[in-house]
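Reading through the structure tokens given below for one structure.
Derivation of every value follows stated rules applied to the coordinates shown; laboratory data play no part. Just so we're clear, the structure is a prediction, and the values are computed from it rather than from any experiment. Note that each Cβ is placed from the backbone with ideal geometry, even for glycine, and that neighbours are counted across all protein chains shown.
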Amino acid sequence: MEFSFTDEQTMIFDTAEAFLGEVAEVASIRKSMETNTGYDPSAWDRLCQEMYWQAILIPEDNDGLGLGAVELVGILERMGKKLYNGPFASSAAVTLALAKWGSGDQKSTYFARLMAGESATIAVIDQARAWSAEGVSAQAVQTDEGLRISGKYRFVQHGHTANLILVAARAPGSSGQDGVGLFLIDADAEGVIRKRVPTMDQTRPLAEVQLESVLVQPEQCLGCVGNSAPALAQLLDIQAILVTAEQLGGAQASLDMTVDYLQERVQFGRTIASFQAVKHKCADMMLKVEASRSIVYYAACVIDEWLSDRYDANQLAEAASMAKAYSSDAFFFVAGCGIQLFGGVGITEEYDIQLYFKRAKATETFLGGGAAHRERVAQMLLAGEC
Amino acid sequence: MKLSFSAEDEQFRNEVAEWMANNLCGEFEPIRFRGGPGDEHSFVEERKAWEQKLAEGGWTAIGWPKEFGGRGASIEQQVIFNEEYARAGGPGRVGHIGETLTGPTLIAFGSEAQKAKYLPGIRAGKELWCQGYSEPSAGSDLANVKTKAHFDDAQGKWVLNGQKVWTSLAHESEFCFVIARTDPASKGQKGLGFFLVKMDQPGVTIRPIPQLTGTSEFNEVFFDDAVCDADDIVGEPGDGWKVAMGLLGFERGVSTLGQQMLFQSELDEVVRIAKRNGAADDPAIRQRLADAHIGLRIMRYNSMRMMSGGEDGSLQKEAMIYKLYWSSWHRNLGKLAMDVLGPEAELLEGEPYELNRLQSLFLFTRADTIYGGTNQIQRNLIAERALGMPREPRGAN
């Protein structure tokens with residue numbers, strides 16, 4: 001049992017902190033969030049060329065770095081700290097899907113594209129609150145030339161800029177767990193229409209993606225067409241765990257900047273960090289950050305165990321829902337307390353805590369919030385599955 | 001970062017489990033799962049006999065160095081022992097204060113004579129210890145100790161006068177370690193001594209404190225010219241605070257996973273009842289059951305982080321939140337248990353005030369957030385030591 005990082009991992013994280021300090025200072029995040037892409041493409045290029053982080057999960061056989069989810073999660077945590085807004089998490093989720101279910105040909109084709117710096121994302125649902133196979137409404141219709149996919153997707157991270165979109169679609173007339181398939185779509189294929197939508201959290205660009213009779217070939221089908229509901233559930237669980245790593249970083253940053261401010265601000269002739277009411281609130285914030293850290297690191301280990309088939313889909317589901325429920329609530333609590341403790345300046349545009357507060361709510365509702373994931377844990381618990 | 005133990009450690013796990021299965025049976029069958037927090041008054045004689053059984057098997061003080069009769073077991077092995085002990089239903093350890101506090105304190109700070117005099121009795125499970133820290137005016141403000149000790153030249157002994165409180169197992173213990181003021185003019189952390197005091201003597205009076213549970217785990221202990229030998233002071237007069245606090249930084253929480261096995265069995269019982277009586281159909285209860293499950297799993301990974309941390313004794317963040325985290329979780333579980341039981345929660349097992357396990361849990365967990373540093377003190381410590389916020393101002397006294 002070893003529940004701490006190796007020296008090599010610590011080195012990777014130190015490097016990550018230094019690099020993100022260069023390309024993701026808050027001034028540049030604020031600048032890039034106003035642009036059409038919603039992130040800085042030159043920073044993404046440097047990330048891919050200098051850091052090679054897009055290759056973390058790609059096996060060495062495919063010329064990748066052959067590292068694991070623990071390294072990935074550690075980097076995402078640091079991105080969350082900085083509110084990094086590039087398409088890293090969504091690309092990593094697609095990479096994980098390919099590593100788990102991709103054929104040999106798919107791996108060599110798509111890993112090569114991802115390593116060259118293309119970005120990827122995942123599109124699943126149109127209606128809110130339905131992050132599951134049941135919520136898939138796009139249809140994959142069999143025609144003479146192959147499958148043609150039509151439907152609308154919302155809440156697609158970086159959907160307006162991604163080069164590759166992993167979409168879920170179902171056979172006409174099917175419902176629930178039946179008839180679901182996963183497909184790798186090129187964003188510039190004929191019939192793909194996408195547009196960025198304005199979002200409350202300006203640091204997390206979302207898009208609507210419309211597919212109009214988009215043709216897919218057999219080599220674009222990931223896993224077993226018509227039978228991919230379990231894979232989709234696992235894909236969403238992976239994506240949720242990656243989000244929790246960003247939440248952890250965001251919560252840590254919110255706590256740090258709040259404590260720094262409290263130490264400086266003087267009222268009644270003393271720094272307000274010396275008031276017990278304030279100290280106790282900060283202690284509660286730290287408790288939630290550290291507890292979140294424990295469950296997020298656990299969930300990272302579970303991804304690695306799952307990738308190598310030692311843990312099954314249930315164990316992944318439990319880990320994802322535990323982490324997503326706790327970390328969502330923790331980040332929102334910490335960022336909300338942060339605004340309160342900043343006082344009046346906390347609600348100004350100028351101070352950064354408001355950006356974290358928005359990020360907390362955005363990442364909480366994305367892929368289901370605390371209540372939804374606790375209900376899922378309750379079902380597993382009462383069924384004796386965890 | 002790995003979730004599994006090594007093959008060697010798993011082998012050790014099997015050894016512990018096998019020994020427990022072969023020995024915690026027969027005459028010891030009735031004490032399985034007994035004597036935990038809130039139940040410490042039960043089966044004391046049988047649990048004392050059990051300590052000696054453990055000692056014969058070489059399962060007391062396993063973390064002590066071999067030269068003092070321990071096994072020099074690694075952190076992982078200590079964790080495994082505590083886990084398997086709890087899983088098998090091992091009873092609450094009456095010897096735990098001697099094993100986890102007195103022993104390590106003497107090994108770190110004691111003289112050779114003190115080690116030779118006291119360690120074998122602890123290791124053999126024959127001599128039990130209690131802790132004489134808190135006093136009526138020294139609760140959260142522990143350094144405000146008023147109990148006095150002076151050296152009496154005529155007798156050639158230390159003489160103690162004063163009162164201790166919240167002393168668990170005082171009436172069952174052979175010895176008590178006591179912090180007392182050796183310099184009458186001193187205040188706070190200075191001028192204290194750390195004494196090893198025999199309980200069976202005319203100058204020591206023990207009075208049990210009846211609690212809200214109807215039981216008396218805690219006692220008051222009065223010292224009226226109680227004595228100990230000249231060489232029963234650990235370190236020098238004035239070193240008492242350093243000795244008393246010295247080991248806290250090295251606490252790696254090896255018993256925490258064992259404690260969590262107990263918590264898990266309590267949660268399992270609550271889930272079982274919720275399924276049986278329909279409480280599990282209530283969405284609000286379902287949320288709280290899931291929350292309890294998630295909270296306990298997080299506690300496990302908090303512990304694993306704590307135990308995997310640096311060996312330098314520096315307090316890490318996960319160690320600093322540990323007490324506040326588990327005590328709050330456990331108190332919430334007690335409340336959830338009552339809400340799952342509904343009106344059944346009111347009905348006792350019998351006269352005069354016989355509580356069932358969950359009722360006892362509900363009432364006794366109110367102590368969890370108080371003893372060993374209240375939640376309020378924990379929050380001060382987290383804010384000051386982990387977050388670097390200013391210290392609480394002291395009153396002029």
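How tilted is helix B:357-368 with respect to the longest principal axis of chain B? Cα atoms for both, answer in degrees (0 to 90, nearest 10). Roughly 40 degrees between the two axes.
Only aspartates and glutamates eight or more places from B:LYS323 in sequence, or on another chain, were considered; those with a Cα closer than 17 Å are A:ASP284, A:GLU290, B:GLU251, B:ASP368, B:GLU384. Every pair of different Cα atoms in the range A:122-222 enters the Kirkwood calculation, which places the hydrodynamic radius at 13.6 Å.
How about B:LYS126: which lysines have a C-alpha closer than 17 Å to its C-alpha, ignoring those fewer than 8 places off in the same chain? Those lysines meeting the cut-off are B:LYS48, B:LYS53, B:LYS115, B:LYS117, B:LYS198.
Where the eigenvalues come from the Cα gyration tensor of the range B:67-174, what are the semi-axes √(5λ) of the equivalent ellipsoid, largest first, in whole Å?
Working: eigenvalues 174, 75, 33 Å².
Gyration-tensor ellipsoid for the range B:67-174: 30, 19, 13 Å.
Could you work out the longest stretch of chain A that avoids the GluC sites (Glu not before Pro) located in DSSP loops with at most 13 other Cβ atoms within 10 Å? For GluC sites (Glu not before Pro) (loop position, at most 13 other Cβ atoms within 10 Å), the longest site-free span of chain A is A:191-348.
Give the distance, in whole Å, between the Cα centre of the range A:89-105 and the Cα centre of the range A:329-377. After rounding, the separation between the Cα centres reads 30 Å.
Over the protein assembly as shown, the hull volume per residue, using the convex hull of the C-alpha atoms, is 176 Å³. Residue separation of A:SER213 and A:GLU134 scaled by 0.36 nm, minus their Cα-Cα distance, works out to 26.3 nm of gained length.
Determine the sum of side-chain charges near B:ARG123: Lys and Arg each +1, Asp and Glu each -1, restricted to other residues whose C-beta is under 13 angstrom from that of B:ARG123.
Details: positive: B:LYS66, B:ARG71, B:LYS115, B:LYS117, B:LYS126; negative: B:GLU51, B:GLU56, B:GLU67, B:GLU99, B:GLU127.
With Lys, Arg at +1 and Asp, Glu at -1, the net is 0.
Panel note: the C-alpha atoms of the range A:191-233, placed on their principal axes, show extents of 37, 26, 13 Å (largest first). For A:ARG46 and A:GLU8, the FRET efficiency from 1/(1 + (r/R0)^6), where r spans their Cβ atoms and R0 equals 30 Å, is about 0.85.
Could you tell me which chymotrypsin sites (Phe, Trp or Tyr not before Pro) in the range A:10-64 are loop residues by DSSP with no more than 14 other beta carbons within 10 angstrom of their beta carbon?
Values: sites: A:PHE13, A:PHE19, A:TYR39, A:TRP44, A:TYR52, A:TRP53; in loops: A:TYR39, A:TYR52.
Loop-located and lightly packed - A:TYR52.
For the pair the range B:60-84 and the range A:19-58, the centres of their Cα atoms are 49 angstrom apart.
Looking at the range B:327-397, which trypsin sites (Lys or Arg not before Pro) are in a loop (DSSP not H, G, I, E or B) and have at most 13 other Cβ atoms within 10 Å? Walk me through the intermediate numbers first.
Working: sites: B:ARG331, B:LYS335, B:ARG357, B:ARG366, B:ARG379, B:ARG385, B:ARG391, B:ARG394; in loops: B:ARG391, B:ARG394.
Of the trypsin sites (Lys or Arg not before Pro), the ones in loops of the range B:327-397 whose Cβ has at most 13 other Cβ atoms within 10 Å are B:ARG391, B:ARG394.
The three principal axes of the Cα atoms in the range B:7-94 give end-to-end lengths of 35, 26, 23 Å, sorted in falling order.
Can you tell me the FRET efficiency between B:ALA185 and B:LYS66 if r is taken as the Cβ-Cβ distance and R0 is 41 Å, rounded to the nearest 0.05?
On the way: r = 44 Å, r/R0 = 1.08.
Approximately 0.40, to the nearest 0.05.
Taking the DSSP bridge list for the range B:129-238 and keeping only pairs wholly inside it, about 85 percent are antiparallel. Relative to the longest principal axis of the Cα atoms of chain A, the long axis of helix A:353-365 lies at roughly 40 degrees. Within chain A, which is the longest segment containing none of the trypsin sites (Lys or Arg not before Pro) that sit in a DSSP loop and have at most 16 other Cβ atoms within 10 Å? Maximal segment without exposed cleavage sites: A:130-264. Take every Cα pair under 8 Å whose residues are at least 6 apart in sequence, average their separation, divide by the length of chain A, and the relative contact order is 15 percent. Here the Debye sum runs over all C-alpha atoms of the range A:21-127 as equal scatterers in vacuum, and log10 of I(q)/I(0) at q = 0.10, 0.15, 0.18 Å⁻¹ comes out as -0.29, -0.65, -0.90. Here the ratio of the Cα radius of gyration of the range B:67-126 to 2.2 N^0.38 Å is 1.21. Using all pairs of distinct alpha-carbon atoms, the Kirkwood hydrodynamic radius of the range B:129-238 works out to 13.9 angstrom. If you wrap the tightest convex hull around every Cα atom of chain A and split its volume per residue, you get 141 Å³.
On alpha carbon coordinates alone, what is the Rg over Rh value for the range A:229-382, Rh being the Kirkwood radius? Can you show the working numbers first?
Values: Rg = 17.5 Å, Rh = 16.3 Å.
My calculation puts Rg/Rh at 1.07.
Centre-to-centre separation between the Cα atoms of the range B:88-148 and those of the range A:239-274: 40 Å.
For peptide B:263-272, what's the mean number of Cβ atoms from other chains within 10 Å of each residue's Cβ?
On the way: counts 0, 0, 0, 0, 1, 1, 0, 0, 4, 0.
Partner-chain Cβ atoms within 10 Å, mean over residues of B:263-272: 1.
Once the Cβ-Cβ distance between A:SER103 and A:SER308 is put in as r, and R0 is 25 Å, what FRET efficiency do you end up with, to the nearest 0.05? The calculated FRET efficiency here is 0.85. Remark: mean inter-chain Cβ contacts per residue of B:323-329 equal 2, using a 10 Å Cβ-Cβ cutoff to other protein chain atoms. Listed by chain and number, the aspartates and glutamates whose alpha-carbon sits under 18 Å from that of B:LYS66, ignoring those within fewer than 8 places in the same chain, are B:GLU56, B:GLU76, B:GLU99, B:GLU112. Averaged over the residues of peptide B:3-9, the number of Cβ atoms from other protein chains lying within 10 Å of each residue's Cβ is 3.
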